[in-house]
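Scroll down for the structure; my scribbles are underneath it.
The values are calculated or read from the model by the stated rules, or taken from the named source; none is laboratory data. This is a predicted model, so every value here is computed, not measured. Note that we place each Cβ from the backbone using ideal geometry, even for glycine, and neighbour counts take in every protein chain shown.
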Amino acid sequence: MSDASPVQPRARRSLLAAMLVGVGLMAGVDEIVFHQVLAWHHFYDRATPWVGLVSDGLLHAAELIFLVAGFFLLGALRRDRALALRHAWAGFFIGMGGFQVFDGLVNHKVLRLHQIRYVEDVLPYDLAWNAAGLVLFGIGIVLALRARGTDARTPPGGPRRPWRT
């Protein structure tokens, strides 16, 4: 913005933009760690290995789109001095946890695209995966509740730091 008028932080937009980053990051962790490094599963395991690799590539493309879009939106908010940082952190954790719980319940159990790991007793893996997602999601909710009303009191551009002009 070219004028010097104060801008109110945009809490909702900050939260949603950071949610995109959180979803993209957690999808990346899932894809890199569980699909590539550990090779426990592919995104779609109900076909040939080639289809599994293609589905992993599509997941990777989607995660990159989420990351780039989220960072562009956050950058625009910061440029306009409208970034509500506390809400952004809340959105980041909500996005990470939301992806993980969605993946664990919908992709693993409802759609049966794949399992976390193909072992005789998958229950401990399911519980750990979903519990970790719920913890991340819960952290985001707590941060969102604590952020309510606080970013409106933060000066545009964030708190003043003596080393910045």
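Report, by residue number, each residue of region 63-105 that is of a type in the set (A, V, I, L, M) and within 15 Å of residue 131 (Cα to Cα).
Passing the criteria: 94, 96, 101, 105.
Hey, among the residues in region 69-89 that are basic (Lys, Arg) and either over 10 Å from residue 9 (Cβ atoms) or touching a helix residue (DSSP H, G or I) at 6+ places or on another chain (Cβ under 9 Å) (or both), which one's surrounded by the fewest Cβ atoms within 10 Å (Cβ to Cβ)?
Checked region 69-89; the qualifying residue surrounded by the fewest Cβ atoms within 10 Å (Cβ to Cβ) is 79.
Which pairs turn up if I take residues in region 101-119 that are under 18 Å from residue 37 (Cα atoms) and of a type in the set (A, V, I, L, M, F, W, C) and look for partners that are part of a helix (DSSP H, G or I) and at pLDDT below 90 with beta carbon separation below 8 Å, at least 6 apart in sequence or on another chain?
Close Cβ pairs (under 8 Å, with a partner that is part of a helix (DSSP H, G or I) and at pLDDT below 90) amount to 116/34; 116/108.
Would you mind telling me which numbered condition in (1) surrounded by 16 or more Cβ atoms within 10 Å (Cβ to Cβ); (2) outside any helix (DSSP H, G or I) residue 118 fails?
(1)
Check off (1) at pLDDT 95 or above; (2) surrounded by 14 or more Cβ atoms within 10 Å (Cβ to Cβ); (3) not β-branched (Val, Ile, Thr) for residue 56 and give me the number that stays unchecked.
In the conditions (1) at pLDDT 95 or above; (2) surrounded by 14 or more Cβ atoms within 10 Å (Cβ to Cβ); (3) not β-branched (Val, Ile, Thr), residue 56 misses (1) alone.
Please specify each residue of region 2-52 satisfying the condition of being among the acidic types (Asp, Glu), in contact with a His (Cβ under 6 Å, 6 or more places away or on another chain) and within 30 Å of residue 77 (Cα to Cα).
Passing the criteria: only 31.
Please tell me if residue 101 is touching a Leu at 6+ places or on another chain (Cβ under 7 Å) and among the β-branched types (Val, Ile, Thr).
yes
Confirm whether residue 82 is under 28 Å from residue 147 (Cα atoms) and touching a Lys or Arg at 6+ places or on another chain (Cβ under 6 Å).
In short, yes.
Please work out which one of (1) under 15 Å from the mean Cα position of the chain (by Cα); (2) among the small types (Gly, Ala, Ser); (3) not in a helix (DSSP H, G or I) is the condition residue 17 fails and give its number.
Failed condition: (3).
Going by what's in this entry, would residue 45 be described as under 13 Å from residue 114 (Cα atoms), part of a helix (DSSP H, G or I), out of contact with any Asp or Glu (no Cβ under 6 Å at 6 or more places or on another chain) and not hydroxyl-bearing (Ser, Thr, Tyr)?
no
Within the set of pairs 6+ apart or on separate chains, which have a first residue in region 25-46 that is farther than 18 Å from residue 105 by Cβ, a second that is acidic (Asp, Glu), and C-beta atoms under 6 Å apart?
28/63; 35/56; 42/56
Looking at (1) at pLDDT 95 or above; (2) surrounded by fewer than 17 Cβ atoms within 10 Å (Cβ to Cβ); (3) polar (S, T, N, Q), which is the only condition residue 48 fails?
(1) is the only condition that residue 48 fails.
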